[in-house]
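What follows is a single structure, written as structure tokens, with notes after it.
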Amino acid sequence: MESRTLRLERGQRLQAVCVLGTRLVTDINGGAPVDCKWFSMRHSPNIEMEILGSDASQQKVINGEKLWPLSSKTMVEFHMTQHSAEINDGKITIAYYGKGADAPVDKSGVYLTGIGISLDVDADRDGVVEKNNPHKASWTWGPDGQGAILLVNCDKDSLVSRVVDGDDNLMLSKSDLLDMSKMILRIHGPEKLPTGYLLMLHVSPTDARSLGVFYLHSKVYTHVLGRRKLFYKTRYTGTREMEFYVEGLRFPDEGFNGLVSIKASLLETQVEGIPETPIFTDSVTFRISPLIITPSTLAPIEVYVCSVKENYLFLKAINRLVNEAKLKVQICFEYVNRGDRWMQDEMEFGYIQAPHQSFPVVLDSPRDRGLKDFPIRQLLGPDFGYVTKVADSDDVTSLDSFGNLEVSPPVTVGGKKYPLGRILIGSSFPTTSGRRMTKVVRDFLYAQQVQEPIELFSDWLLVGHVDEFLTFVPAPNGKGFRLLLASPATCLRILQEKKQEGHGDVILLQGFETKRWTVSKVLSTDVIVMENAYAQHCIDWNRDILKRELGLTEDDIIDIPALFKLQDGKACAFFPNMVNMIVLGKILGIPKPYGPVIKETCCLEDYVIDQLKPLELSCSFIDDVVSYHKQLGEVHCGTNVRRKPFSFKWWQMEKP
């Protein structure tokens, strides 16, 4: 129980407010006349008291009064047991006695008014604001954790606004309240207090950058706290509940762990013109929801793809696939995409979540090409959020496109659980300088905490994206997924087998290459063999990292045949790279490799179908040679998928 010092004045009756749940402590000797050796006390029934620093064995009774010996260490602690029905209904009287006196030589006293003050939030995370949770001022992780949660108010509920809701101090739509966390200031007490008391909500200057608070005033929700507003004062008007709505303004990031606090204080001023001082403070703590990015193994909701001049047949194939999966598709036409077809590279989908609300959020990459306005103009809206990280244009490379940002399914590694998976980003080789994802994006991803990133080696690739050599697909057994890795070694082995079977003259990329590439020619071309040995070495480096960091075994990995060629010292796909696929549940849209056709079917397609058949996956091969492959991308690069959130609640994680 918190305590507060109250100084007595000889011959005076003080007026004081006692907040329930706190103690007042007074120095009895400090208010006593000189040479007084004894004191007596009386108090009303709504007060409990304890006398400290007085020898109880030396008590005596005079005229029916119990007297206590007075020393320099004598203190009295007292508190009120219930809130007052009216002002000053708690009374304490202290009488002082001199040596040998049988009547008091002086008196002092206190009039007390008891009130209850509680700043309350949904600290137990059940969607309801409970009363005075003892853990509301702290924040802990785990299934039994306590502490309230805020959402970054990054959607746009009002059609009038041109920015995300959290970018201004206005409440333009009542539906915006649903995205905010409710906070209640509960007050119990008489209709008024003695003069000189105010209530104040306040935040630190640091936390003010990260939150906003609204309050219904004169039928209008008014911004009262946050940004440049560090406090909000209001008069005490008796028993009531004041409902506030709190929004997050920024995601966890470098230098900001996502924790913010709000305090409610009762202020007292003794004399008009003298500054107020706090006599009681109650606190609550929120953690701002991280952005959670969804892996390809979660159930799909909607597919996004661009329409450009030469991809009509590709669009037709994607539509057919989407219809088969019974999903929605959103086509971005040229007047919006301005010739930029790389939907995967422009953005990544995730979501934010609190016990009372959840909605999808699009993370916009800093690449800023033709599609740069699509996320904010076409996706941002009611219950659809938007966030971006602004980087210096000189620092942005191809690795900042979000084909270089993937997420694993949930894994357990060495006993540590990652129930929301782990972020995968491509980087440069550890011992060399090279391209890396720009620092502001990397810092942002690490700061979300709940999907601890893994940095892979992707700078060996011309484009440099992790989706060029890996993807995840759902599986009915084992860990519930399989990691698919591009494998030049597997491809060369298959081609060697076909040559030995007498199919050395069968052509790869029939009709798409001016140079005639037969199975035998590929195998006998030393530069191809050497370049793919290098590519396999780079992929194996990542294979080992993924096995270690995701807790995988070889049984969790399926090799997908692929070939690469070097261009200016960097690798790109020799034929359409099948691992760069779109995953729609059990339906896969795979780049058609145009490999050797033997007995009327492509042997590379047959191999992939055979490998994925035990997983009950349906393989559809999509022609993307002209529209994407020849421009250094494939099916996954040209599409994007919004997916359902995890069923697991992020705040139930053990501490990351």
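Using +1 at the C-beta of Lys and Arg and -1 at the C-beta of Asp and Glu, which of 158, 197, 281 has the Cα lying farthest in the positive direction of the dipole of the range 121-288? Sorting the options by dipole projection puts first 197. Listed cross-link partners 439/570; 309/644; 326/592 are compared with a 28 Å cut-off, the Cα-Cα value being larger for 309/644. Think of the range 2-115 as a dipole: +1 on every Lys or Arg Cβ, -1 on every Asp or Glu Cβ, centred on the Cα centre; then among 63, 22, 114, 63 lies furthest on the positive end. Take the alpha-carbon centre of the range 311-366, take the same for the range 433-496, and report the distance between them in whole Å. Each part reduced to its Cα centre gives a spacing of 20 Å. Taking the Cα centre of the range 121-288 as origin and assigning +1 to Lys and Arg Cβ atoms and -1 to Asp and Glu Cβ atoms, the resulting dipole is close to 400 debye. 3J(HN,Hα) couplings calculated from phi for the range 501-513 with the Karplus curve 6.51 cos²θ - 1.76 cosθ + 1.60 (θ = phi - 60°) are, in sequence order, 7, x, 10, x, 8, 6, 9, 8, 6, 4, x, 10, 10 Hz; Gly and Pro show x. In terms of its C-alpha gyration tensor, the range 535-608 comes out oblate, because a/c is 1.5 or above while a/b does not outweigh b/c. Can you tell me how the range 205-318 classifies by the Cα gyration tensor, rounded, prolate or oblate, using a/c under 1.5 as the rounded cut? Prolate is the answer for the range 205-318, as a/c is 1.5 or above and a/b outweighs b/c. The dipole here belongs to the chain: it is taken about the Cα centre, uses +1 on the Cβ of Lys and Arg and -1 on the Cβ of Asp and Glu, and is about 880 debye. For the range 121-288, the extents of the C-alpha atoms along the principal axes are 46, 41, 30 Å, listed from largest to smallest.
Within the set of other residues whose C-beta is less than 13 Å from the C-beta of residue 169, count the net charge using Lys and Arg as +1 and Asp and Glu as -1.
Numbers: positive: 227, 228, 229; negative: 165, 167, 168, 176, 247.
Here the charged neighbours net out to -2.
Can you give the calculated 222 nm mean residue ellipticity of the chain, where each DSSP H run of n ≥ 4 adds -39,500 (n - 2.57) and the sum is split over every residue, rounded to the nearest 500 deg cm²/dmol?
Values: 9 runs with 88 residues, N = 656.
That comes out to -4000 deg cm²/dmol.
Quick check: net charge around residue 226, other residues with Cβ under 9 Å of its Cβ, Lys/Arg +1 and Asp/Glu -1? Spell out each step's value before the answer.
Values: positive: 209, 227, 228, 229; negative: 207, 247.
That sum, taken over residues with Cβ under 9 Å, equals +2.
Computed over Cα pairs, the Kirkwood radius of the chain leads via Stokes-Einstein (0.890 mPa s, 25 °C) to a diffusion coefficient of 84 µm² per second. Shown here: the range 1-84, whose C-alpha atoms stretch 34, 23, 22 Å along the first, second and third principal axes, sorted largest to smallest. The fewest-to-most ranking of 219, 389, 309 by surrounding Cβ atoms within 10 Å reads 219, 309, 389. Mean separation of Cα pairs under 8 Å and 6 or more residues apart, divided by the residue count, gives the range 292-652 a relative contact order of 21 percent.
Bridge orientation summary for the chain: considering DSSP beta bridges with both residues in this region, about 75 percent are antiparallel. For the pair residue 521 and residue 77, label points projected 7 Å from Cα toward Cβ lie 9.2 nm apart.
Listed by chain and number, the aspartates and glutamates placed with their C-alpha closer than 14 angstrom to that of residue 66 are 55, 102; residues fewer than eight positions away on the same chain are left out.
Pairwise alpha-carbon distances in the range 4-146 exceed 28 Å for 34% of all pairs.
Could you work out Rg/(2.2 N^0.38 Å) for the range 480-525, with Rg from alpha carbons only? Don't jump to the answer; show the numbers that get you there.
Values: Rg = 13.1 Å, N = 46, 2.2 N^0.38 = 9.4 Å.
Normalised by 2.2 N^0.38 Å, the Cα Rg of the range 480-525 equals 1.38.
Placing unit charges on the Cβ atoms only, positive for Lys and Arg and negative for Asp and Glu, gives the range 292-652 a dipole magnitude near 580 debye about its Cα centre. Normalise the Debye intensity by I(0) for the range 292-652, one equal point scatterer per Cα, no solvent, then take log10 at q = 0.07, 0.10, 0.11 Å⁻¹ and round to two decimals. Ignoring solvent entirely, the Cα scatterers give -0.28, -0.59, -0.72.
Bear in mind these aren't lab numbers, they're just calculated from the coordinates by the rules spelled out. These figures come from a predicted structure and were not determined experimentally. Glycine also receives a Cβ, built like all others from the backbone with ideal geometry; neighbour counts cover every protein chain displayed.
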